[in-house]
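Heads up: the structure comes next, in structure tokens.
The values are calculated or read from the model by the stated rules, or taken from the named source; none is laboratory data. Please read these numbers as outputs of a predicted model, since none were measured by experiment. Every residue, glycine as well, gets a Cβ built from its backbone with ideal geometry; the counts of neighbours run over all protein chains shown. The accessibility values were calculated without ligands, DNA or RNA, using every heavy atom of the protein model including side chains. Shrake-Rupley method; radii C 1.70, N 1.55, O 1.52, S 1.80 Å.
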Amino acid sequence: QVQVAESGGGLVQPGGSLRLSCAASGSIFRISGMSWYRQAPGTPRELVAGITHGGDTNYADSVKGRFTISRDNAKNTLYLQMDSLKPEDTAVYYCNAVRLGVGYWGQGTQVTVSS
């Protein structure tokens, strides 16, 4: 079993920045891909960004150039640096970790972008 816990959400003004963190614990050996998803009220959960164990990344078109995903394998921690935030980025952000083909989710952290 893998446990993941997100932190770093909050209220920020448009154009501001936030950094989300996701700490993995438990059976962390052989965690491969890690990703950030988000879900706004009334919408399906969507992929924001993903990163492989080796560091290859992919991003949703809506966040390219504004968000940066990274991971520290030694600390078993995933990050999401979010810059130039927009009101449409408001959502609950979830961390997902994949181990041996099984995905594990955190409880989510709320990000609200509003003036």
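Pick out the one residue from Ala97, Ala74 that is in contact with a Leu (Cβ under 8 Å, 6 or more places away or on another chain), within 16 Å of Ser25 (Cα to Cα) and not charged (D, E, K, R). Exactly one residue qualifies, and that residue is Ala97.
Suppose we keep only residues that are modelled with pLDDT under 95, open to solvent by less than 50 Å² (accessible area, probe 1.4 Å) and farther than 17 Å from Ile69 by Cβ within the range 1-27. Which one would you say is farthest from the chain's Cα centre (by Cα)? Per the stated criteria, the residue is Ser27. Scanning the range 10-29 for residues that are within 15 Å of Asp83 (Cβ to Cβ) and in a loop (DSSP other than H, G, I, E, B) returns Gln13, Pro14, Gly15, Gly16, Ser17. Among the residues of the range 40-60, not a single one is open to solvent by less than 20 Å² (accessible area, probe 1.4 Å) and not in a strand (DSSP E or B). When the residues of the range 65-115 are filtered to those that are open to solvent by 50 Å² or more (accessible area, probe 1.4 Å) and among the polar types (S, T, N, Q), the one that is nearest to Ser32 (Cα to Cα) is Asn73. Out of Tyr79, Tyr94, Tyr59, Tyr104, one residue alone is within 14 Å of the chain's Cα centre (by Cα) and farther than 18 Å from Ala23 by Cβ. It is Tyr59.
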